[in-house]
Every structure is written in structure tokens, then in C-alpha cells.
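This report concerns only the one structure given below.
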């Protein structure tokens with residue numbers, strides 16, 4: 001029987017880093033009660049600078065240029081609080097022109113460019129200049145690490161996070177993001193250690209959740225279940241943690257616990273497609289084909305551009321004898337992901353059922369070439 005496709009969550013590779021910009025250039029906004037929403041898909045790290053941290057040193061020169069530059073800097077900060085990001089970039093640029101040694105202006109302009117302007121090259125150049133002017137500021141290394149990560153320079157990102165940690169050993173978010181970079185570099189043990197350090201410094205739900213994800217990938221089901229449980233204890237409405245604990249419980253043989261967790265995830269977040277997918281996996285494995293079909297249909301409805309839902313729905317349709325429906329789903333899955341090896345194998349079975357031997361042989365060979373190992 002082909003192995004079902006398991007997605008712990010539907011996620012983008014893009015990171016979400018709410019809070020860093022607002023902390024550094026908008027302390028007054030935080031005091032006024034601004035709220036940073038949790039973004040809790042796997043490895044979408046929560047970021048807010050430690051409460052005891054300070055904005056970077058100004059790096060201002062002492063030749064009379066500092067006062068007008070500071071005024072431009074304050075105007076840029078005010079523009080950010082109004083979400084006038086183009087205005088903020090212009091103001092920070094004026095500050096830099098007034099005082100080219102004002103590291104804080106380069107740093108803040110880099111933040112706005114990266115998070116709201118989308119110009120990663122310009123942001124990276126600003127962080128480089130801020131580091132040249134103030135080489136002992138952990139926050140600048142941290143933000144350059146984020147910029148490098150966005151450019152898929154995972155090794156450079158890890159190096160910057162390491163330097164940020166060296167300069168500020170209590171920088172929990174630097175540990176958390178270095179874990180993400182290490183994961184991309186296949187250093188899973190290092191990622192778990194960084195997540196552990198992040199928990200030591202900031203034992204919040206997201207850090208437990210992130211370590212649970214790493215432990216699950218390492219096959220440590222007991223540790224993953226415990227971490228997801230701690231995340232839920234700290235944040236009882238953490239739908240993704242319920243979903244992923246359900247996945248881990250399913251692998252550990254706790255079917256009832258897995259089903260309950262997935263249902264709770266859906267109750268908390270009815271648009272969490274991953275929970276429908278995982279619940280469908282469990283029901284299909286337990287022989288509830290009709291229930292699995294309903295779950296996969298919800299997955300497809302919520303994520304019409306995700307190949308996994310179509311592949312899984314195709315397989316339960318095949319099991320129910322709906323070969324044409326299965327073929328349509330497999331075709332759609334392959335159109336969305338032409339390297340989806342298992343779907344080629346599944347489509348080969350459906351094509352053979354329809355008497356298309358040539359098409360079946362072609363799909364079978366393609367699945368093998370893509371690295372799929374057919375079940376014995």
C-alpha cells in the first residue's frame with residue numbers, strides 16, 4: 001500500500017518576524033499597547049528583541065552634523081509609526097546624508113527596506129554599513145542574519161546569528177533563528193540545541209513548538225509530543241501545536257489521541273488545511289475511507305494549489321473505485337508539483353486499471369527516476 005503523504009502543516013518558506021522593527025524604532029508604540037500577533041506555522045519564528053535590550057548605539061559623529069541628523073531620524077521613526085514606509089526611507093536617507101557616520105540610520109533604513117520595501121540587496125548593504133560603523137551591536141548582526149536567510153544564504157545567516165549570540169548571550173531570538181538556519185544546513189542536532197537554549201532564555205509556546213518540530217523530524221516522538229504539549233499548556237488555542245501533536249501521536253500508535261488533537265486543531269482554526277490532511281491520513285489508515293475523503297476534500301477546498309491534497313484525495317477515490325476521479329486528481333497534483341514522485345506511481349496504477357499500459361509504464365519509470373521506492 002503506498003505510503004500516505006503527510007504534511008505537518010501547510011506553510012510558506014518565507015519567515016515572519018513581527019516586532020523587531022517596531023521595538024527598535026517604536027518603543028512608544030509598544031508602551032501604547034501595540035499588539036504583535038503570533039505567527040505559528042512551523043519555523044515562522046516569533047521575534048521581538050529582549051525586553052532588557054537597547055536600540056543600537058547612534059554612531060553619530062561629533063562635528064556638528066549629529067543634531068540635524070537626529071531630527072531626520074526622529075521624523076523617520078514617526079513615519080514608521082504612521083506606516084508611511086516610503087517617507088521613513090526618505091527621512092532616514094536624509095539623516096545619512098546629514099551624518100554619514102550615523103549607524104542607527106543605516107540600521108533603521110535597512111529594517112524598513114527589508115520588511116516593507118522588499119529591497120533585500122539595499123537592506124543588506126545598509127546592515128553591512130551599520131556593522132562597519134558599529135561592529136559590536138548584536139541587533140545589527142541579527143538583522144543581517146535575517147536578510148541573509150531571506151536570500152537563502154543559510155551559512156552566512158548562521159554566522160551572523162552566532163556573532164549576535166556572542167555579543168549578547170541572552171539573545172533568545174538569535175538562538176531561535178540560528179536553529180532555523182542550522183535546519184536548512186541539515187544540522188538537526190544543532191537546531192535542537194539552539195531551540196533548547198531559546199527555551200531556556202524565553203520559555204514561550206513558539207519556542208517549545210519549534211523544538212517539537214525538530215524532535216519530530218529526528219524521530220523523537222516522545223520528546224516531540226512533550227514539547228507540543230508544553231506549547232499547548234502555554235497557549236491553549238495553539239491550533240498548529242494540536243495538529244502536530246496529533247501527527248506525532250499517530251506515529252506513536254495513539255490513534256484516539258491523534259484524532260482528538262486534529263479535531264481540536266480544526267475546531268480552533270477551521271481553515272487549517274494541514275489538520276484536515278492529517279486527520280484524513282489517520283482515518284484512511286484506520287479504514288474509514290469515506291471520512292478520509294471528506295477530510296481531503298476540505299484540504300483541497302482550503303488549499304486548491306497544494307498538490308498533497310489532490311494526491312491523497314486521488315488515492316481514496318481510487319480505493320472507492322472512482323478511477324476517473326482519481327486520475328483527475330493525480331493529473332492536478334502533478335501539474336502543481338511535477339516532481340511529486342509518489343503521485344506518478346499512484347497514477348500508473350490508475351492508468352493500468354484503465355488499460356493504458358504505455359501511460360502506466362511511463363509514470364512508473366518517472367516515479368523511480370524521481371527517487372520513489374514502490375511498496376513490496
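The values are calculated or read from the model by the stated rules, or taken from the named source; none is laboratory data. Everything numeric here is computed off the predicted structure, so don't read it as measured data. All Cβ positions, glycine included, derive from the backbone under ideal geometry; neighbour counts span all protein chains shown.
Taking the numbered list (1) modelled with pLDDT of 90 or more; (2) under 20 Å from residue 139 (Cβ atoms); (3) in a helix (DSSP H, G or I) in turn, residue 101 passes all entries but (3).
Of the residues 189, 119, which single one is over 18 Å from the mean Cα position of the chain (by Cα), within 26 Å of residue 211 (Cβ to Cβ) and surrounded by fewer than 17 Cβ atoms within 10 Å (Cβ to Cβ)?
189 is the lone residue from the list that is over 18 Å from the mean Cα position of the chain (by Cα), within 26 Å of residue 211 (Cβ to Cβ) and surrounded by fewer than 17 Cβ atoms within 10 Å (Cβ to Cβ).
Residue count for region 122-148 satisfying the condition of being farther than 24 Å from residue 75 by Cβ and surrounded by 24 or more Cβ atoms within 10 Å (Cβ to Cβ): 6. For region 219-242, a residue qualifies if it is in contact with a helix residue (DSSP H, G or I) (Cβ under 7 Å, 6 or more places away or on another chain), over 21 Å from residue 279 (Cα atoms) and either assigned to a helix (DSSP H, G or I) or modelled with pLDDT under 95 (or both), and the qualifying residues are 223, 230, 234. The selection criterion, being within 26 Å of residue 184 (Cα to Cα) and free of Cβ contacts under 8 Å to residues at least 60 places away in the same chain, holds for residue 141. Before we move on, is residue 162 part of a loop (DSSP other than H, G, I, E, B), under 22 Å from residue 201 (Cα atoms) and under 27 Å from the mean Cα position of the chain (by Cα)? Taking the combined requirement at face value, the residue does not satisfy it. Considering 308, 300, which residue is under 23 Å from the mean Cα position of the chain (by Cα), assigned to a helix (DSSP H, G or I) and in contact (Cβ under 8 Å) with a residue 60 or more places away in the chain? Exactly one residue qualifies, and that residue is 308.
When we screen 295, 361 for residues that are surrounded by 24 or more Cβ atoms within 10 Å (Cβ to Cβ), in a helix (DSSP H, G or I) and without any contact (Cβ under 8 Å) to a residue 40 or more places away in the chain, the only hit is 295.
Within region 274-287, the set of residues being closer than 15 Å to residue 311 by Cβ and surrounded by fewer than 23 Cβ atoms within 10 Å (Cβ to Cβ) comprises just one member, 284.
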